[in-house]
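No lab work stands behind these numbers, since they all come straight from the coordinates. Because the structure is predicted, anything quoted here is derived from the model rather than measured. Note that we place each Cβ from the backbone using ideal geometry, even for glycine, and neighbour counts take in every protein chain shown.
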Amino acid sequence: MTAIQNFSEPKTLKRIAALVVAAGVLTAGSASAMTAGTYTSTVQGRNGNITVEVKVSATKIESVRVTDQKETPGIGSLAVKSIPEAVVAGQTAQVDNVSGASITSQALRKGIREALVKAGADRAMLDRKAIRKQSAAAQTLVHSADVIVVGGGGAGMVAAATAVHGGAKVIVLEKMAMIGGNTARSEGNMSAMDPEPEKLLPMTPAVRDIVKKYTDQKPCTKEVAELQKTVKDQLKAHDAAGKKYIFDSPELFALQTLEGGDCHNDPKLVLTMTRNATAAMEWLEKQSDMKWYHVPRHWVDVGIGGIYPRGQWPRQADGKTPISTYDAYISPLADKVTKAGGHIYTQMKVTQIVRGKDGRVTGVIAVDKNGKNQAFNGKNVILAAGGYGANLKMVKKYNNINVIATSNQPGTTGEVLEEAVKVGAGLTGMKWIQIHPHGNPKNGELESAIAGRPSDTPYVNVNGDRFVDETGRRDDISHGILAQPGQVVYAIFDQKTIDQKKVRDDLMQIALGHGYAYKADTLSDLAKAAGINQAEFAKTMAAYNEASRTQNTKSLPVPKILIGMPVDKAPFYSVPITTTIHHTMGGLRINEKTQVLDEKGRVIPGLYAAGEITGGVHGGNRLGRNALTDLLVFGHIAGMQVSPKP
């Protein structure tokens, strides 16, 4: 298991327990006797049932064990470990939630409380808050390393793992209780050209039309015009060589990224990403037992807002079984960092970036959970603290968007970006904030894993009408949802989608249990269950299925550039979705080496950045799956730049 240090916690649970007892939280004379024994309780967690087992003596909670759970690795799993430890240490059921894993934390606390009630625990044990040790007098502790990485999400862990491989001594600082950031909450799907393109499916007329759409539109910049010519020549050579499989190239990928971002991107950064995407994908596969599932070898799928079939999905070593994004991207890289002698500190909030009189960045100042100041000195600093999508005040500052729900993890608040500005860093594209169409209307979490595949799945409003090309750009779909009644629409698909593992049945069952999805044996009953106009829905689905069977969508009120399977095999599913704040495309100015630049484009020595904290890569609209490609490519480049050896 990854050894991650929580610098703010006392060294041993025994020490905590001694402090709590000494403070009078629980004394032998103040609590009524419990009936010694072991008691269990089963409660609903985030992903399914959680069973806890609590062992007590007459006056003490002896142990708390979680005997069954399905919580998300790297998020809920942290609460599964921490909450029982805190209950035993504090001798009370009233302990703090783990920030970022509140649903799991609350479920665990409920289950433990129920078990203690069965044991006869009194109100003091059930309700009294655990006493925390008071913070010591202000004191700055100093730590040193070759590289200080700020942020323990995807970009930060890629950079850190690359740097330790290159011989650097590394410290990673993460302000949340868990590492992983937004990466751990994503599906983990990335975009990259297939390393063995001859294994791809045949090039279809619909896919050829997608290429034509981007090569034939009026170019918005000189660089785009040059890419259009290059891609046309590449496709011509592809056809002349008799190649029948799906055509792709770094230049087509770059062209679509630039035009998809309305040409607000930096072409140099985009080409750096697309030309290194496949190598970055293969690098991650070598770091652990995960394998990539190359989707275009199996079906033509563009992903939500991905616009082209080049999606790569992380899987376990067998190449088929789903794997959590935490286990694919985060855990194996964290293991490499700690095994190489690096340190990962959680609950460590960076409050200042230090820049010397000579202009070089030399480290950061951070504060731990107990309010103690920590100084981290390094030869280089890599900023990978993510965007600001969970900071509504900051979102409004740069873009007065009419959306308040967010799919971001709660630590995505942008203060490190603002600290970088204080030491001279330049910003770019700050007004570009992506909204995502797959938000859960009840809690804002992303439902992409259960919302079906865009080519196979029509989206209908409460009136039963389609309103958008589901295989189009994310911003077009998202704004389309905002224009619908109630700003909620429904993704519709059938059992074939489950059978073909395009949606995982276990995740669908969890969603159905929470009321986040509907299931019925007929389309009419599905509409009734979801509250959709049945008569209009029947007309819409009849026309949609006919267009799917004939592969001709021109007669549909809203044509679809890439249409997949008809929705005709019972049972049927409906997933309500809405628009949420998802990704902040603007951020720190960087060059192709990930060096942070000031407002005049000059390099700030010793300061690098990668991931969502940077701007310039995605322009005004990020293509689906490009965030993972971005963090892999630029996180790796940043790590190589600060490594003592190649």
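Summary table
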quantity: For Val172, distant residues with modelled amide H under 5 Å away; calculated: Val149, His343, Ile344, Tyr345
quantity: Hull-based mean projected area of segment 266-329, where the convex hull spans the alpha carbons, in square nanometres; calculated: 5.1 nm²
quantity: Which of Gly242, Gln256, Asn276, positive extreme of dipole for segment 232-291 (C-beta unit charges); calculated: Gly242
quantity: Sites Glu285 and Ser57 - FRET efficiency at Förster radius 60 Å, r taken between beta-carbons, to 0.05; calculated: 0.75
quantity: Integer Hz, Karplus 6.51/-1.76/1.60 couplings in order for segment 153-164, x for Gly and Pro; calculated: x, x, 4, x, 6, 5, 4, 5, 5, 5, 5, 5
quantity: Mean Cα-pair separation over length for segment 243-331, i.e. relative contact order, pairs under 8 Å, 6 or more apart, %; calculated: 20 percent
quantity: Antiparallel content of DSSP bridges confined to the chain, in %, to 5; calculated: 70 percent
quantity: Inter-label distance for Thr522 and Thr204, nm, one decimal - labels placed 7 Å from Cα along Cα-to-Cβ; calculated: 3.0 nm
quantity: Long-range amide H partners of Val596 with built H, under 5 Å; calculated: Ile604, Leu607, Tyr608, Ala609
quantity: Binned Cα-Cα distance frequencies in segment 259-385 - 5 Å width, integer %; calculated: 2, 8, 12, 13, 15, 14, 14, 11, 7, 3, 1, 0
quantity: Longest site-free stretch - the chain; sites: GluC sites (Glu not before Pro), DSSP loop, at most 15 other Cβ within 10 Å; calculated: 1-591
quantity: Cα-centre dipole for the chain with unit charges at Cβ (Lys and Arg positive, Asp and Glu negative), debye to 20; calculated: 1340 debye
quantity: Semi-axis lengths, Å, segment 435-581, gyration tensor of Cα atoms, sqrt of 5 times eigenvalues; calculated: 20, 18, 15
quantity: Trypsin sites (Lys or Arg not before Pro) lying in DSSP loop within segment 268-350, provided at most 14 other Cβ fall within 10 Å; calculated: Lys320
quantity: Relative contact order (percent, whole number), segment 190-315, Cα cutoff 8 Å, 6+ residue spacing; calculated: 34 percent
quantity: For Gly180, residues with placed amide H under 5 Å, excluding near neighbours; calculated: Gly152, Gly153
quantity: Expected 222 nm ellipticity per residue - DSSP helices of 4 or more, -39500 (n - 2.57), all of the chain, to 500; calculated: -10000 deg cm²/dmol
quantity: Calculated from backbone phi, Karplus (6.51, -1.76, 1.60) coupling profile of segment 252-265 in Hz, x at Gly/Pro; calculated: 5, 4, 5, 4, 5, 5, 5, 5, x, x, 6, 6, 8, 7
quantity: Calculated FRET value between Thr67 and Asn399, using beta carbons and R₀ = 56 Å, to 0.05; calculated: 0.75
quantity: Length-normalised contact order for the chain - Cα pairs under 8 Å, 6+ apart - percent; calculated: 18 percent
quantity: Set Lys199/Lys244; Lys396/Lys442; Lys199/Lys236; Lys169/Lys286 screened for pairs whose C-alpha atoms are more than 18 Å apart; calculated: Lys396/Lys442; Lys199/Lys236; Lys169/Lys286
quantity: Backbone HN-Hα couplings from phi across segment 541-558 [Karplus 6.51/-1.76/1.60, Hz, Gly and Pro as x]; calculated: 6, 4, 5, 5, 5, 5, 5, 5, 5, 8, 6, 9, 9, 4, 7, 6, x, 10
quantity: Rounded if a/c under 1.5, otherwise prolate or oblate - segment 205-296, Cα gyration tensor axes; calculated: oblate
